[in-house]
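S.K.: Have a look at this one.
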Amino acid sequence: MASGQSRSSLNKPCILLIVIAGMERFAFKGVASNLVTYLTDVAKMSNSAAAKKVNNWCGITSMLPLLVAPLADSYLDRYTTVLASSSLYVAGLLALTSLALQWPWTNSADKSGFCSSLSWSLNLISLGQAGYNPSLQAFGADQFDDDEELPSSKNDQSSKKKSSFFQWWYFGICCGSLLGVSIMSYIQDTLGWGLGFAIPSIAMAISVIVFRFGNRFYTHKDGEIIHIKSLGDHIVKAVKAATSRLTCGEIAVPTYTNKSNVVEIELEDRPLCQQDSGSKDGADKKSENGINFVKILKVVLPLLPVWTLLLMFAVIFQQPATFFTKQGVTMKRNIGSNFRIPPAALQSSITISIILLMPLYDTFFIPFVRVFTQNEKGITVMQRMGVGMFLSVIAMIIAAVTERKRLDISRNLVTSSETVPMSIFWLLPQYILLGISDIFTVVGMQEFFYSEVPTNMRTLGIALYTSVFGCGSFFSSFLISVIENLTSTRGAKQNWFSDDMRKARFDNYYWFLALSSAASFLFFMVFCRFYTSRTIVD
C-alpha cells in the first residue's frame, strides 16, 4: 500500500480479489440456491431425498478444503492453487450446463444415468471449489504489506485492518450471492435450466480470466511472481518431498516468537535424520515442503470444541436452500397478475439484510457496545459468534410458528390445492434474522479460524471455517434420515418430511433444531469462559 494511503483502507489488490470472490459466489449460488427445485421438478426426487442430496453436496463442497488446504500450504503457492482449481470449477459448471441442455431431448426414463451425470458434475464443482475458495481468501490476506501483516501490531492497527478485510470480503461475497439467488432463480424457473446454469458458468470463467490478468498487481509472499508453467515443477517437487518424508520421519516442536508485543505459537519442523542435501539451506527448504501431520494436529485439536459447537448453527443455515424453499412453493407468490416470485429468491433477503446492516455494525453497534465493554472492537470474536448463534435460535422459533400457521390454513381449505392463501412474505422474518445472525457468527468464524493458526497455515484456517458448514450439511442430512425413519414407521402419526405439504411437519423439525441449537449455544457460552486465544497481546 502506498505510504500516502490511509492505513484503515484496503489496497487495490484486495479490492480486486473481493470482486473476484463475489463473482464466484454469484456462480455458486446461481446453482446451489435453487438446486432443490431442480431435483424435485426435473429429477423427480422426493422432498427428503432432494434435501439430503443438496445437503450432502454442500457437505462435500465444504469438507474437501480440509484435504486440499494442507497440500496447498505445503506444496503449492496460493496463486497457483487458485488457477489450477478454478479450471476444475469451470469444467464442473460446464458439465452441469450440458446436462441441463441435453436432458429434455434424451430418454427421460434413464433416471439412474441422469443422476450419475449430475453427481459427477456437482462433485467436480466441489473439487474445484475445495482449492479455490480458501486459497483465494488467504491470498487476499497476503496482499497486506509486511509491516501490516496480520493479525496484530503495537497499536492494534493491523488487527483492525484484519477485521475490516474479512468484513468487506464477506460483504463482497454477499453481493455476489444476492445476484446469484435473485436473478438466477427467476431465470431458471421461467426461461429454463440450461440458460440458468450457463450464465453462472460464463461468470465463473470471466472471474478466472480477471484473476489471471491481475497477477501484476498482486503481492506474492515468497517474493516472486508465479506463472502457470511452473505448476508442473511444483507437483514434481511435492512428490519428491513426500517421498523423502516417508523414508525420514520428523516431529513438530512448538516454539514461541515475540513480534510487536504479540506472542504467537509457531510450529517448526525438526527432521529426525539428516538429508542428503549438501547444505543446511537445502535441508531447511525440504523441511518446509512436506505435510507434517503432527503439526496439523497440534493446531487443529485446540480448535475442535469451538468447531463442534458451531455445527448446529451450520445445520440451521441449510434450511433456506431446502425446506424453506419447499415451504415457499406452497404459498401465495403472485405480484400483480403476471409475475410470480420464485421461492428460492427469498434467500436473497438474507444477503440483502447483510448488505444493508453490515455497515451499521461498524457505525452504530461497535461504538454503542464499546461504552459497556471498553473493548476497541466492541465485542470479542467469541462474543460475536455467540450473538449470531442466539439469533439463529430465535429465527428457527419464528420459522416453526410460521409453518404451524401455514399448516393450519392448509388443513382448513375445502379444495385439495397445495397452494395456501398465505403470502410468501410471511417467511421474511426468519430469513432476515438468519441474515443478521450471519453478520455476527460467519464473519466471526472467518476471523477466528484465520487468527488461531500459525501464519504459514492460513489456508488450513480458512478450510476449518468452511468445514464447519460441510459437516453441518452432512449432519443435517443425517438428521433428516433418522427423523424420517422414526416418523414414517408403523405406529408413528406422520412423516415430518412427507411429499404432501399438507401433511408434512416441518414445524416439528424446526422446533427440534431450535432446541438443539439453544443447547449448543449454552455450551458455547460456558466454553468461552475457559478458552485462551492462541494469539495473546502483552
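Readers should treat all values here as calculations from the given coordinates under stated rules, not as data from a laboratory. Because the structure is predicted, anything quoted here is derived from the model rather than measured. FYI the Cβ positions are ideal-geometry reconstructions off the backbone, even for glycines, and counts take in every protein chain you see.
S.K.: Would you mind estimating how fast the range 295-533 diffuses translationally, via Stokes-Einstein at 25 °C and 0.890 mPa s with the Kirkwood radius over Cα pairs, in µm²/s?
M.R.: Working: Rh = 19.5 Å.
The diffusion coefficient I find is 126 µm²/s.
S.K.: May I pose another question? Using a simple spin-label model with points 7 Å from Cα along the Cα→Cβ vector, what separation in nm is obtained for R340 and N508?
M.R.: Label at R340, label at N508, 3.0 nm between them.
S.K.: Separate question: Given a Förster distance of 22 Å, report the FRET efficiency between T373 and T308 from their Cβ-Cβ distance, rounded to the nearest 0.05.
M.R.: Working: r = 27 Å, r/R0 = 1.21.
According to the calculation, E is roughly 0.25.
S.K.: Taking the Cα-to-Cβ direction at K12 and at N123 and moving 7 Å from each Cα, how far apart do the two end points lie in nm?
M.R.: Each label point lies 7 Å from its Cα, and together they span 4.4 nm.
S.K.: Going by average Cβ neighbours within 10 Å, how do the peptides 507-513, 430-436 rank, with the highest at the top? Provide the component values of the computation, followed by the final result.
M.R.: Values: 507-513: 20.1, 430-436: 23.7.
By packing density, highest mean first, the sequence is 430-436, 507-513.
S.K.: Taking amide H atoms as placed 1.01 Å from N in the peptide plane, list the residues 5 or more away in sequence, or in a different chain, whose amide H sits under 5 Å from that of M422.
M.R.: Hits under the 5 Å cutoff: K332.
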